[in-house]
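In what follows, a single structure is set out as structure tokens and then discussed.
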Amino acid sequence: MAAAEAKLLPSAAQERAEKILDSLCDPSRLRIVQALRATPLTVSELSRVISKTRAATSQHLKVLRGVEAVTAERRGQFVVYSLSEHVNAEVLENVASAFDQLRPTA
């Protein structure tokens, strides 16, 4: 039992982990993370990829930025989003990779 208890996260880290995983509970946010694994994209590009409005996509990006999973960089008149180098993005990327295994093989 002590070994199991030693594997538990401290409460602050547990709360952080919950927020990170919570951010993926919406299928659109999971799709955003999957798309950004391939290449940085603008809101317009992401909205086309995930088949949502720009407004809805922006709200999903706000959530992902809140957990430091994505970053935004202004390039001229556009804002380009990419996966953050922060550990939270790495966790999300690993979760997205795990979901990749659910894809049917040809």
Please return the ranges of helices (runs of 4 or more DSSP H) entirely within region 1-49 where 1 or more residues are over 18 Å from Ala96 (Cα atoms). 2-7, 11-22
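Can you tell which of Ser84, Ser47 is without any contact (Cβ under 8 Å) to a residue 24 or more places away in the chain, in contact with a strand residue (DSSP E or B) (Cβ under 7 Å, 6 or more places away or on another chain) and under 18 Å from Gln34 (Cβ atoms)?
Numbers: Ser47 fails: in contact with a strand residue (DSSP E or B) (Cβ under 7 Å, 6 or more places away or on another chain).
The unique qualifying residue is Ser84.
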With the first residue restricted to region 1-26 and required to be within 24 Å of Ala69 (Cα to Cα), and the second required to be surrounded by 10 or more Cβ atoms within 10 Å (Cβ to Cβ) and of a type outside the set (A, V, I, L, M, F, W, C), Cβ contacts under 6 Å at 6 or more apart or on different chains are Ile20/Asn88; Ser23/Arg29
In region 61-104, the residues that are part of a loop (DSSP other than H, G, I, E, B) and at pLDDT 80 or above: Val67, Glu68, Ala69, Gly76, Gln77, Ser84, Glu85
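Only residues that are hydroxyl-bearing (Ser, Thr, Tyr) and at pLDDT 95 or above: list them for region 33-53, please.
Step one: list which residues in region 33-53 are hydroxyl-bearing (Ser, Thr, Tyr), which gives 39, 42, 44, 47, 51, 53.
Of everything in region 33-53, those that are hydroxyl-bearing (Ser, Thr, Tyr) and at pLDDT 95 or above turn out to be Thr42, Ser44, Ser47, Ser51, Thr53.
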Filter region 19-58 down to residues that are within 13 Å of the chain's Cα centre (by Cα) and among the charged types (D, E, K, R) and give me whichever is surrounded by the most Cβ atoms within 10 Å (Cβ to Cβ). Arg29
Select from region 59-86 the residues that are closer than 20 Å to Cys25 by Cα and of a type in the set (Val, Ile, Thr) and write down the one among them that is surrounded by the most Cβ atoms within 10 Å (Cβ to Cβ). Val70
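The values are calculated or read from the model by the stated rules, or taken from the named source; none is laboratory data. This one's a predicted model, so the numbers in the text were calculated from it and none came from an experiment. A quick note on method: Cβ atoms are made from the backbone with ideal geometry, for glycine too, and the neighbour counts reach across all protein chains shown.
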